[in-house]
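Below: one structure, written as C-alpha cells.
The values are calculated or read from the model by the stated rules, or taken from the named source; none is laboratory data. If you're wondering where the values come from, they're calculated on a predicted model, not measured in any experiment. Cβ sites come from the backbone with ideal geometry, for glycine too, and all protein chains shown count toward neighbours. For the accessible areas, the whole protein counts, side chains as well, though only heavy atoms, and no ligand, DNA or RNA atoms are used. Shrake-Rupley method; radii C 1.70, N 1.55, O 1.52, S 1.80 Å.
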Amino acid sequence: MSRDQTPPAGPSGGMTLSPGTRLGPYEILVPLGAGGMGEVYQARDTRLNRTVAVKILPAHLSDRPSAKERFEREAKAISSLNHPNICHMYDVGSQDGIGYLVMEYLEGETLAERLRKGPLPLEQVLKYGIDICEGLEMAHRSAVVHRDLKPGNIMLTRTGAKLMDFGLAKLVEQQKEVLISQLSRQETLTAEI
C-alpha cells in the first residue's frame, strides 16, 4: 500500500493500534490500510533498525477460530516462500491477545491504484505479467495456491511486481495428505466389510 493512501476505517471507526504502540520489538509508525481480515501498519524493527509492515488480526476477529486459522494459514503459506516477486515474511508473534505477522515493507502502489490512473503501456504489462507469473509459479511449486489474486494484492515497486496477502492461500500438500488419509481409511473400511 502506498505511503500516502488513507487507510479505511475498521468496524469501530478506526484502526486498532496507534503510533508508538509496541508489538515485541516492532514500533507502530502509521496505519497503511485495513481489509476484512486484517490491519496493516508501517512499523520499525527496533532490533535491526529497518522499516517493516506489521499485519494484525483485529480485535473483533481475534475470538473467531476461523479467523485465527486463516491468519495462521497465511503465516505458514508466506513463510514457505522465498522469491523476489513475493512479499517476504520476517516474523510472527502474539502479544496481549494480538496476533501479528511481520513482513517486508513495500514502497510503491498496488496494481489497482495504478490502473485507476489509466491503462499500462504494453512494456509494463509484459514486465508485470512475467513478474506475477514467476511469483505464482514459485508458490505453486511450493504447493501454495494464492486464491485471492487481484490487482489490490499486487504491489508495484521499483524492482517490479510483488504478490501480497496470502490470507486465503491453501497449502495443497496438507490437503493432499488429508485426502490420501481419508481414502486409505475408506479402503480399510471397505476391505473389512
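Could you please find all residues in the stretch 44-60 being of a type in the set (A, V, I, L, M, F, W, C), open to solvent by 20 Å² or more (accessible area, probe 1.4 Å) and modelled with pLDDT of 80 or more? Within the stretch 44-60, just L48 meets the criteria. Is it fair to say L57 is under 16 Å from the mean Cα position of the chain (by Cα) and either closer than 18 Å to N153 by Cβ or of a type in the set (K, R) (or both)? Yes. Against the list (1) open to solvent by 40 Å² or more (accessible area, probe 1.4 Å); (2) modelled with pLDDT under 95; (3) more than 30 Å from R22 (Cα to Cα), the condition L115 fails is (2). Whenever a residue of the stretch 132-159 is under 15 Å from I78 (Cα atoms) and without any contact (Cβ under 8 Å) to a residue 24 or more places away in the chain, its partners that are open to solvent by 10 Å² or more (accessible area, probe 1.4 Å) and assigned to a loop (DSSP other than H, G, I, E, B), lying with C-beta atoms within less than 7 angstrom and at least six residues away or across chains, give the pairs R147/L168; D148/D165; D148/L168.
Checking the stated criteria, E72 turns out not to satisfy the condition of being open to solvent by 20 Å² or more (accessible area, probe 1.4 Å), more than 19 Å from D165 (Cα to Cα), acidic (D, E) and not in a strand (DSSP E or B).
Given the options D91, D63, name the one that is modelled with pLDDT under 95, within 25 Å of R158 (Cα to Cα) and of a type in the set (D, E).
Going through D91, D63 in turn, just one is modelled with pLDDT under 95, within 25 Å of R158 (Cα to Cα) and of a type in the set (D, E): D91.
Condition first: under 19 Å from E74 (Cβ atoms), at pLDDT 95 or above and not β-branched (V, I, T). Can you find one or more residues in the stretch 13-23 that meet it? Looking for residues that are under 19 Å from E74 (Cβ atoms), at pLDDT 95 or above and not β-branched (V, I, T), one finds at least one in the stretch 13-23, hence yes. Just for the stretch 20-61: of the residues that are of a type in the set (S, T, Y) and not in a strand (DSSP E or B), which one is farthest from V102 (Cα to Cα)? If we take residues in the stretch 20-61 being of a type in the set (S, T, Y) and not in a strand (DSSP E or B), then T21 is farthest from V102 (Cα to Cα).
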